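No value in this document is a laboratory result; all are computed from the given coordinates. Note that the structure is predicted; figures quoted are calculated from it, not measured. All Cβ positions, even for glycine, are placed from backbone atoms using ideal geometry, and neighbour counts span all protein chains on display.
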Amino acid sequence: MTRPTGPSRPAGDDGREDRPRPRTGGGQRSGATPRRAPRAEDGRRPSAADRPEAAGRRPARGTEHGSTGARSSASPRTGRAARSSSSTSAPRTPRSSSGATDRPSSAPRGQDQEPRTARPGRARAAAPATPRTGRPARVTAAAEPRRSSVARQRAARPRVGGTVDARTHRRLRAARVGNPLTRVRVLSIAVIATLALFSGRLVYVQAYQGETLAAEALQGRMNTQTIPAVRGEITDADGNVLATSVTRYNVFADQVLIEDWAHTVDGERVGGAAEAARLLAPILEEPEAELAAKLSGSSQYKMLKRDTAPETWDAIKELGISGLFAEQDSRRSYPAGTTGGNLLGFVGAEGHGMAGLEHALDEQLAGVAGSRTFERGLGGHVIPTGIQSTTPAVPGTDVRTTLLMDLQWKAQAAIEAQVEAMNASGGFIVVSDVKTGEIYALADAGSMDPNSPTGFGGSQAISTIFDPGSTAKIVTMAAAIETGVATPTSQYQVPYEYPTSNGQVFKDAHEHGLENWTLTGILAQSSNTGTVMVGEQIPKQVRHDYLTKFGFGERTGIELAGEERGLLADADDWDGRTQYTVLFGQGMAATALQSTNVFATMANGGVRTTPHLVAGTTDEAGTFTPSVQPDPVQVVSPETAHTVLTMMESAVEEGTGGAAMIDGYRVAGKTGTAQIPGPSGKLDAYMASFIGVAPVDDPRLAIGVFLENPTATEYAKFGSVSAAPVFSDVMSFALQQLGVVPSGTSPELYPSTW
């Protein structure tokens, strides 16, 4: 099949068509290099015969002269004139009414599809060549819109077989050029709105919340540290320190600052955790590797060592290591150790007294803590120019006790030795001044060390209650003499066993026959039956009243926590036996301090004072303020008290208390043996005791010695065996320490028998 050929070119033609160059969206001028024709489906480029012009289409206007470079009919895809690569122009083909060209009867090879139809109004007429250049003039179609770069790229895509599918065609039609002014307006409005929002917020914060936010920020920077008050000292009567506070430091590290720290050693800069650990190890006496581990990290508070002595912290400061700090602390120290430990008590981890005087006088000893307020930076350090204020701590007051430490030590050593010798379960001693009520010693066997406390502390002399036993017989004697029931020389025939009017039977501790004893003899021999014979003549309520007057059944008021009041039932509640047993110290209960204070009252002319441990306090200025005690109470007349005191002297000189005698001093006292609950809970154990005063001619001291369940021998349960010798030992030491002169008179005793 032969291809149809167009008419011969006019003479003088250069072999090219004069074609007007299309005006593209990018502003391409005419004369630009024409685009190459896309390949057909079979891989070859279309020839001139394949072009629409060769297919019988009418060339656009302005190309009739047959010049090369002329454009063919408008492209359906772009509306631009199609290019012709043929050397001859195709003949004009008549258009149909729809504007499409008629297809020739003989189509070229590979062009069997229907020719594309140019859309009305989309073809651009070719411009006539300018006289000067011979090139077609720029012609712009009025109906062609300005296309975007995306549309131009899509128009430049290859078209298979010279056609455009319907989908692509619709997309090309939908493509429109965006208006940049619209985008600028939208972005401008968004920026202005955002700036207005932030500006409004800024105005609101500055104008309305400025002060509040500034205050909150300041509060966040403020830090308050407590300045602990120095706890007051506790001293004995002579000013010897029993409890004091020593300064200690808790050393900690800022690991961040440690990491940045460095110093120069032999001209070389070294530092960090490893170097700091090397320097600290010998001072803190800890392994270097462990210290290096503690110093490494990102914590700003890492405790290195607590309870560090001041000289140790001074040595650490001399190293000049940035990032090492210390918190000042106070630790309680008790130089006397176990001596008086139960009386002093101890201080807990929070700085408050937990037992003994430390607990009872905590408010006076503790003082008032101060504070330091300052602004701190992000790293926790003080801002030098920030707000700072300090409220100094008020130290606690010093407490002076009535204790005499040497006497306290002697009493404690004596009771501990006797407890061991008598195989007793416990023991305690009370030493008091009969005229003032001051406690010179209050010793317990097995006292704790407050420096390393165990248990709850406290003194058994005020917390353990038991039947006072025969030591309470002096109350019956005083009541009988004071009420006129008997005199020291009243005569009685005392049997070993005595029945009362209500059928109650009482016996003495030792079997004996019918004895002719005076009232003094009954007390000297510690006869239960004789005491009941005297006491049954005293009305029940009077018996109760005298026991109460001497302090039984109520606390003494000593400045120690945990004091027991004892047991003393009302007279109306006594049963048929108790109304008699109270006459010789059974059917009731008391503490060792209560029982000892009865003898001190008798030695003080019948005046009962309040036992106390605190002599006074000393404030920061050094002013001493004596403690205020309740007014003394006259229990019995001085005459009655002197009479009973003389009768008690007979108990030492002629009776059961012979082991309590002291050379050169007149001694008055009374032994006691009372039943107490044993390990089984039954009344199968004994409390052995001796309470006495000396010197009788000018009484100064009252001492009570008590041993719980001594079992070393058969007779160890008796006070005359276990307790009286300890009394003699401790009283002799106390009289010498206090410088009490020996007695200058001989005793004038009442007769014991008749």
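Some points to look at:
- About its Cα centre, the range 629-691 has a charge dipole of approximately 240 debye under the convention of +1 per Lys or Arg Cβ and -1 per Asp or Glu Cβ, with nothing else charged.
- Cα-based equivalent ellipsoid, the range 399-742: semi-axes from gyration tensor eigenvalues, Å: 31, 22, 20
- Each semi-axis of the equivalent ellipsoid for the range 539-590 is √(5λ) with λ an eigenvalue of the Cα gyration tensor; in descending order they amount to 22, 11, 8 Å.
- Farthest toward the positive end of the dipole of the range 607-754, out of LEU707, MET661, ALA734, is the Cα of LEU707, where the dipole comes from beta carbon charges about the Cα centre.
- Sequence ranges 245-256, 217-228, ranked by mean other-Cβ count within 10 angstrom, highest first: 245-256, 217-228
- Kirkwood-based Rg to Rh ratio, the range 239-314, C-alpha trace: 1.12
- Checked against a 21 Å cut-off, the cross-linked pairs LYS540/LYS717; LYS473/LYS717; LYS410/LYS717; LYS540/LYS682; LYS473/LYS549; LYS473/LYS540 give Cα-Cα distances beyond that limit for LYS540/LYS717; LYS410/LYS717; LYS540/LYS682.
- Between ALA712 and LYS682, the FRET efficiency estimated from the beta carbon spacing at R0 = 30 angstrom works out to 0.90.
- Taking amide hydrogens as placed 1.01 Å from N in the peptide plane, the amide H of GLU515 sits under 5 Å from those of VAL494, each at least 5 positions away in sequence or on another chain.
- Computed over the range 370-417, the range of Cα coordinates on each principal axis works out to 64, 22, 10 Å, biggest value leading.
- Counting only Cβ charges, +1 for Lys and Arg and -1 for Asp and Glu, the dipole size of the range 399-742 around its Cα centre is about 260 debye.
- Length-normalised contact order of the range 532-584 in % [C-alpha pairs under 8 Å, at least 6 apart]: 45 percent
- Computed on the Cα trace of the range 327-422, the radius of gyration divided by the Kirkwood hydrodynamic radius gives Rg/Rh = 1.23.
- Cα centroid separation, the range 475-508 to the range 300-314 (Å): 72 Å
- Here the dipole of the range 261-396 is about 280 debye; that uses its Cα centre as origin and unit charges on the Cβ of Lys and Arg (positive) and Asp and Glu (negative).
- Positive contributions from Lys and Arg (+1) and negative ones from Asp and Glu (-1), summed over other residues with Cβ under 13 Å from the Cβ of GLY678, come out at 0.
- At R0 = 25 Å, FRET efficiency that the Cβ-Cβ distance of HIS352 and ALA237 yields, to 0.05: 0.45
- Order of LEU361, LEU442, LEU749 under a 10 Å beta carbon neighbour criterion, fewest first: LEU749, LEU361, LEU442
- Normalised by the number of residues in the range 606-754, the mean separation of alpha-carbon contacts (under 8 Å, six or more apart) gives a relative contact order of 19 percent.
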